[in-house]
Amino acid sequence: MTLNPWRQQEPLDHAELARLLSAPGEPVLRPDRQLLLEEHLMHEIQHQQRTPAVPAPPRHSRRRLVFAVPTTLIALAGGAIAATTLIGSSPASETNSVRCYSAAALSAQYSRTSVAETTSGTSTADISATVAAALNACAGLWEASLVQSGKAGTPTVQPGEPLTIPPATPGQGKVPHLRACVLESGEAAVFPGTDRNLCQNLGLAQLADRP
């Protein structure tokens, strides 16, 4: 091959070079190979249509559920222990004294009574000795309007005259439903309300008859 030194300075003609090179051949699959690939592709498509994908739950949610169950059980057990601790009854250690509250709260106004005498002139020796006596004593104050919803007054009598408390029944007339409890001081206390757990909600024991 002879080289012409004068042509070294001329730019290369890419089009001419391309004509000198042979065209690349196109890849061709064999018929049996192409048929095998088509069958495999159709099989995958049909399989995905028959079995739709179901997303699996995240692992962190399962972990939360496992730990939530013991926490709930512990909370329920703690509530049961607290309720058992509060449930109870006790007689009043302070004799012949009952606080008649005007509302179901320890901060409510109250009237204290230590004498329970009916219009017939018969009196009880100790109105805090039994639950019935304490309830009846406060019911009489409600009936006489000495205790009203949210306010209470002090029973007053003329000098030398006994305090007369009219007979009344809790839950009838002016008298609301009443619950008898025992204060921490040992004095009987009667609150208006229908809730059986009223004393427990106030952190008090229920009043019981003195043996």
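Give the stretch 92-105 a look and list any residue that's open to solvent by 40 Å² or more (accessible area, probe 1.4 Å) and out of contact with any strand residue (DSSP E or B) (no Cβ under 7 Å at 6 or more places or on another chain), or say none.
93, 94, 95, 96
Given (1) open to solvent by less than 50 Å² (accessible area, probe 1.4 Å); (2) at pLDDT 75 or above; (3) in contact with a strand residue (DSSP E or B) (Cβ under 9 Å, 6 or more places away or on another chain), where does residue 117 come up short, assuming only one miss?
(2)
The values are calculated or read from the model by the stated rules, or taken from the named source; none is laboratory data. In this text, all values refer to a predicted model and were calculated from it rather than measured experimentally. Here Cβ is always computed from backbone atoms with ideal geometry, including for glycine, and neighbour counts include all displayed protein chains. We work out accessible area using only protein heavy atoms, side chains counted, and drop any ligands, DNA or RNA first. Shrake-Rupley method; radii C 1.70, N 1.55, O 1.52, S 1.80 Å.
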